[in-house]
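Worksheet: one structure, shown below.
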Amino acid sequence: MEVNAVVWFRKGLRIHDNPALDRARRGATKVLYPIFVLDPRYLERDRDAFSPGSARAGLGRIQFLLESLTDLDKSLRRLGSRLVVLRGGDPAEVLVRVLKEWNVGKLCYESDTEPYGQARDARVEVFASAAGIEVFSPVSHTLFDPADIIRKNGGKPPLTYQSFVKLAGRPLPPIGQQFSALPPVGDLGEWEDVGVPTIQELGYGDVGQVEFSPFRGGESEALKRMDEYLSDKEKVATFEKPKGDPSAFLKPATTVLSPYLKFGCLSSRLFYHRIQEIYVKAKKLTSPPVSLLGQLLWREFFYTVAFGTPNFDRMRGNEICKQIPWKDDDQLLASWRDGRTGFPWIDAIMVQLRQWGWMHHLARHSVACFLTRGDLFVHWEKGRDVFERLLIDSDWAINNGNWLWLSCSSFFYQYHRIYSPITFGKKYDPTGKFIRHFLPVLKDMPKEYIYEPWTAPLSVQKKAKCIIGTDYPKPVVSHEVANKQCRQKMGEAYALNSGGPSQVNDEKLVELRRKFDQEESTAADQGPKLKQKRLTT
């Protein structure tokens, strides 16, 4: 018996290695509706947000998504089909309505491990089950099924990378079979295919002043970028994460494939097996966790822990997260977010984030450490929200996992090891090319002062046409003092958590926060004396 089939795209915006699409086209499929539902949660304009975009996504990531959808539509058209783009509110409600109206007998979509996606899909599955619709929801966004890993680990997610790797094994190969045609798209009935909208059609008006990321979205771009990177087989075989240069921007010192993996424009299984093909013939190899395959496995590790940990995206109620009385300082947060901390290395990275929607992983480490346990002691959830909005590769599991790690709230606990906002960038880029590009106000500052412009004599500042405190901000904190205070606070917070995060209640957090505030107030009163002492030594 012939049936109408729907393949529902959310992530997995590709033709290659797409089990849901492959299943939807097979068998007695009469017509096939490849659909994408515009989700107002991610696309509806939020005029109160700190940057143009929706409540959860900046324009850069929205633009990357639209480019990816346009590319997917072109690929489907080459196969005699097209992408049907629908709008109408909540995606689950839209899907249920079309399943009814189009007399669908088979529904296929890639499984989603994020809480929002799980709740959305559960509502659709309840309807489909009652209606007798066949549902196929394969795991294909990741190399492994997080639920399988958790079952192997006795029902709990492994909390170290090493234990995860031992459990994971080898992933399945990608679907190798290609096809030359798809069943036709059926009658849409009352529904209108609105097509892939532009930014303007989504209601964002004139975006002429918005600088979009230099990285274009789509499967075609993903495969091209992967092929170019993998063409240097020695570089692939000897890739070593700690040796990347975070200041390289014209030609980034990494794959820049994370946005394509995030949207599923590139199959992680295809990428894994292409790397393996190179490893088999290589004379010299690096190993996980620092190798290129090791980086893919980090992605899998965070997906698994996130899937198996309630409240993974917050401090409270998260059993693997240390309870720390972080500051709630909107002024410091805004200075960091807007690239106005007075530390050029930090500010240049944050400007790159706003303009490009991407930065090197070590640059991310620098600014995340600075905001939290390094200097400002602002809550990691606040920084996470900024990254979630501005990164084109923002991925719920990985973004939260990295912020937990870098704030020393979970996974990594050596809080005394920090990324200096002054010396870390200097060892990669001693002349400050990266800073000069993203902070042109400092372009004429001599290299001796480019990382600490506040130390430049006034005559040097005038010659560079950049007066500190007027043209470029003074540092929001003294790194030497703030970092010492942060280490002390982290030590006390860790002592508070000695019985486990679940034993730390609101009262204890408030009490420790009050103590920190009093110490900061005392230090502020002594500030002028400390400054005078430093000036005279």
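Candidates in the stretch 456-491 are the residues that are touching a strand residue (DSSP E or B) at 6+ places or on another chain (Cβ under 8 Å) and touching a residue at least 24 places away in the same chain (Cβ under 8 Å); of these, the one that is surrounded by the most Cβ atoms within 10 Å (Cβ to Cβ) is C466. Taken over the stretch 81-115, the criterion of being assigned to a strand (DSSP E or B) and among the small types (G, A, S) is satisfied by G105 alone.
For (1) modelled with pLDDT under 95; (2) assigned to a loop (DSSP other than H, G, I, E, B); (3) farther than 30 Å from K382 by Cβ, each residue gets a yes or a no:
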residue	(1), (2), (3)
Y279	no, no, yes
K283	yes, yes, yes
P289	yes, yes, no
L296	no, no, no
F301	no, no, no
F312	no, yes, no
R316	no, yes, no
E319	no, yes, no
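Name the pairs whose Cβ atoms lie under 6 Å apart, with the first residue in the stretch 498-511 and assigned to a loop (DSSP other than H, G, I, E, B), the second open to solvent by less than 80 Å² (accessible area, probe 1.4 Å), and 6 or more positions between them or separate chains? Once the first residue is assigned to a loop (DSSP other than H, G, I, E, B) and sits in the stretch 498-511, its partners that are open to solvent by less than 80 Å² (accessible area, probe 1.4 Å) give V504/Q323; V504/L496; V504/N497.
If we scan the stretch 168-180, do we find a residue that is over 30 Å from V84 (Cβ atoms) and either among the hydroxyl-bearing types (S, T, Y) or surrounded by 16 or more Cβ atoms within 10 Å (Cβ to Cβ) (or both)? Yes, there is a match, as at least one residue in the stretch 168-180 is over 30 Å from V84 (Cβ atoms) and either among the hydroxyl-bearing types (S, T, Y) or surrounded by 16 or more Cβ atoms within 10 Å (Cβ to Cβ) (or both). Would you be able to say whether some residue in the stretch 72-82 is modelled with pLDDT under 95 and of a type in the set (K, R)? No: zero hits. For the stretch 183-202, the count of residues that are in contact with a strand residue (DSSP E or B) (Cβ under 9 Å, 6 or more places away or on another chain), part of a helix (DSSP H, G or I) and more than 24 Å from P289 (Cα to Cα) is nonzero. The number of residues in the stretch 358-395 being of a type in the set (A, V, I, L, M, F, W, C) and in contact with a Gly (Cβ under 9 Å, 6 or more places away or on another chain) comes to 9. Within the stretch 116-145, being over 30 Å from L167 (Cα atoms) and in a loop (DSSP other than H, G, I, E, B) holds for G132, I133.
Considering every residue within the stretch 134-150, establish whether at least one is without any contact (Cβ under 8 Å) to a residue 12 or more places away in the chain and not acidic (D, E). Scanning the stretch 134-150, I find no residue that is without any contact (Cβ under 8 Å) to a residue 12 or more places away in the chain and not acidic (D, E), so the answer is no. For the stretch 321-337, filtering for residues that are crowded, with 21+ Cβ neighbours inside 10 Å and assigned to a loop (DSSP other than H, G, I, E, B) leaves 6.
Just checking, does the stretch 260-279 include any residue being of a type in the set (K, R), surrounded by fewer than 19 Cβ atoms within 10 Å (Cβ to Cβ), free of Cβ contacts under 8 Å to residues at least 12 places away in the same chain and closer than 22 Å to I175 by Cα? No: zero hits. Selection of the stretch 393-411 for residues being free of Cβ contacts under 8 Å to residues at least 24 places away in the same chain and either of a type in the set (D, E) or open to solvent by less than 40 Å² (accessible area, probe 1.4 Å) (or both) yields only N399.
Let's see how each residue does on (1) among the small types (G, A, S); (2) open to solvent by 20 Å² or more (accessible area, probe 1.4 Å); (3) out of contact with any Cys (no Cβ under 6 Å at 6 or more places or on another chain); (4) over 26 Å from E221 (Cα atoms):
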residue: R14; (1), (2), (3), (4): no, no, no, no
residue: L21; (1), (2), (3), (4): no, no, yes, no
residue: A24; (1), (2), (3), (4): yes, no, no, no
residue: D46; (1), (2), (3), (4): no, yes, yes, yes
residue: D71; (1), (2), (3), (4): no, yes, yes, no
residue: K74; (1), (2), (3), (4): no, yes, yes, no
residue: R78; (1), (2), (3), (4): no, yes, yes, no
residue: R87; (1), (2), (3), (4): no, yes, yes, yes
residue: D90; (1), (2), (3), (4): no, yes, yes, yes
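Among the residues making up the stretch 137-164, those that are farther than 30 Å from L107 by Cβ and either of a type in the set (S, T, N, Q) or open to solvent by 50 Å² or more (accessible area, probe 1.4 Å) (or both) are N153, G154, K156, L159, T160, Q162, S163.
Checking the stretch 229-248 against the condition returns a match, with at least one residue being at pLDDT 95 or above, aliphatic (A, V, I, L, M), crowded, with 18+ Cβ neighbours inside 10 Å and touching a helix residue (DSSP H, G or I) at 6+ places or on another chain (Cβ under 9 Å).
Residue-wise test of (1) in contact with a Cys (Cβ under 8 Å, 6 or more places away or on another chain); (2) of a type in the set (S, T, N, Q); (3) closer than 30 Å to V504 by Cβ.
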| site | (1), (2), (3) |
| --- | --- |
| S287 | no, yes, no |
| L296 | no, no, no |
| Y303 | no, no, yes |
| F307 | no, no, yes |
| D329 | no, no, yes |
| W336 | no, no, yes |
| W356 | no, no, no |
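Taken over the stretch 338-359, the criterion of being among the charged types (D, E, K, R), part of a helix (DSSP H, G or I) and either open to solvent by 10 Å² or more (accessible area, probe 1.4 Å) or over 15 Å from G374 (Cβ atoms) (or both) is satisfied by R354 alone. Of all residue pairs spaced 6 or more apart or on separate chains, those with beta-carbon atoms under 7 Å, a first member in the stretch 99-119 that is closer than 20 Å to S394 by Cα and a second member that is of a type in the set (D, E) are D112/D121; Q118/D112.
Answer yes if at least one residue in the stretch 58-68 is open to solvent by less than 10 Å² (accessible area, probe 1.4 Å) and either at pLDDT below 95 or not in a helix (DSSP H, G or I) (or both), and no otherwise. Checking the stretch 58-68: at least one residue is open to solvent by less than 10 Å² (accessible area, probe 1.4 Å) and either at pLDDT below 95 or not in a helix (DSSP H, G or I) (or both).
Which of the residues spanning the stretch 28-43 are assigned to a loop (DSSP other than H, G, I, E, B) and in contact (Cβ under 8 Å) with a residue 40 or more places away in the chain? L38, D39, listed by residue number.
Pairs meeting the criteria (first residue in the stretch 1-20 and touching a residue at least 60 places away in the same chain (Cβ under 8 Å), second residue part of a helix (DSSP H, G or I) and among the hydroxyl-bearing types (S, T, Y), beta carbons under 7 Å, at least 6 apart or on different chains) are L13/S68; I15/S75.
The values are calculated or read from the model by the stated rules, or taken from the named source; none is laboratory data. Keep in mind it's a predicted model, so treat the numbers as computed, not measured. We place every Cβ from the backbone using ideal geometry, glycine too, and count neighbours over all the protein chains shown. For accessibility, only protein heavy atoms count, side chains too; no ligands or nucleic acids. Shrake-Rupley method; radii C 1.70, N 1.55, O 1.52, S 1.80 Å.
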